[in-house]
Amino acid sequence: EVQLVQSGAEVKKSGESLKISCQVSGYSFSTYWIAWVRQMPGKGLEWMGSIYPYDSDSRYSPSFQGEVTISADMSVNTAYLQWTSLKASDSGIYYCVRQADTVKEFDYWGQGTQVTVSS
Amino acid sequence: ILMTQSPSSQPASVGDRVIITCRASHNIGDYLNWYQHKAGKAPKLLIYSASILQSGVPSRFSGSGSGTDFTLTISSLQPEDLATYYCQHSYTFPFTFGPGTKVDLK
């Protein structure tokens, strides 16, 4: 059974750093792209970026390039999303998602990680 | 590639046929996917490659279109279908979602 299990909710202050995780099981982690998707409070879904764990090839949305870093560790089947200096506007729910092979559709989703940043 | 959806809100009654449209700013072939999102839950893939029903999704959901214009149809709305629906292209990076269509009760 394919599963993506994300780390728990975080409450941080502006300026702090953060790294959230997404541990996968039930499939070959290294050979599927993993994406991160944000939902800000009351807003829609935004694709942030994706990583191919096998060679760490990473692609970012222009809106998030330079603001976050996506990484992956094949030894523990885990993808990460990190910030070096959080802003209040980073508050939201963050989902990791597996991209299937067919047309790179997002077929399996993590449960989401709530990030709250106070100013 | 920009994605637009209409309507932004769709009030409907149980049993109604609901149609949501999605338009891409460039030709994306059939690289178009639809998701259902309910509050407090992770989004769910409904349809990929414009018209292929994801395993386990009820057959009242269907998708059509290619190029720039796409449609999601719910043939007979059920109470559990009340949610926000998003289209998304996966033609090339950067992937983008449409702004969403909220389907609620009339």
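Since every read-out is calculated from the coordinates, none of them should be taken as a lab result. Since this is a predicted model, take the numbers as computed values, not measurements. Neighbour counts are summed over all protein chains in view; Cβ atoms, including those assigned to glycine, are modelled from backbone coordinates with ideal geometry.
For the protein assembly as shown, list the cysteines whose Cβ sits under 4.7 Å from no other cysteine Cβ? Result for the protein assembly as shown is empty; each Cys has a Cβ neighbour under 4.7 Å. Simple point charges give the picture: +1 on the Cβ of Lys and Arg, -1 on the Cβ of Asp and Glu, and for the protein assembly as shown a dipole about the Cα centre of about 520 debye.
If exposed GluC sites (Glu not before Pro) are those in a DSSP loop with at most 14 other Cβ within 10 Å, what is the longest stretch of chain A that has none?
Numbers: sites that count: A:Glu1, A:Glu16.
Maximal segment without exposed cleavage sites: A:17-119.
With the Kirkwood sum run over all distinct C-alpha pairs, chain B has a hydrodynamic radius of 13.5 Å.
Considering only B:Ile20, B:Ser62, B:Leu82, and ranking their Cα positions along the charge dipole of the stretch B:7-106 that arises from unit charges at the beta-carbon of Lys, Arg, Asp and Glu, the one farthest toward the positive end is B:Leu82. Among B:His37, B:His89, the order by Cβ neighbours within 10 angstrom, fewest to most, reads B:His37, B:His89.
Can you give the net charge of the other residues whose Cβ lies under 13 Å from the Cβ of B:Gly63, counting K and R as +1 and D and E as -1?
-2
Both the radius of gyration and Dmax for the stretch A:1-66 are 13.7, 38 Å, in that order, over alpha-carbon atoms. Identify, among A:Val2, A:Gln99, A:Thr69, the residue whose Cα sits farthest towards the positive end of the charge dipole of the stretch A:1-106, taking +1 on the Cβ of Lys and Arg and -1 on the Cβ of Asp and Glu, with the dipole about the Cα centre. Most positive-ward Cα: A:Thr69.
In a reduced charge model with +1 at each Lys and Arg Cβ and -1 at each Asp and Glu Cβ, chain A shows a dipole moment near 380 debye about its Cα centre.
Note on chain B: with charges restricted to the Cβ of Lys and Arg (+1) and Asp and Glu (-1), its dipole about the Cα centre is near 180 debye. Peptide packing: for B:75-85, A:26-36, the average count of neighbouring Cβ atoms within 10 Å per residue gives the ranking A:26-36, B:75-85, highest mean first.
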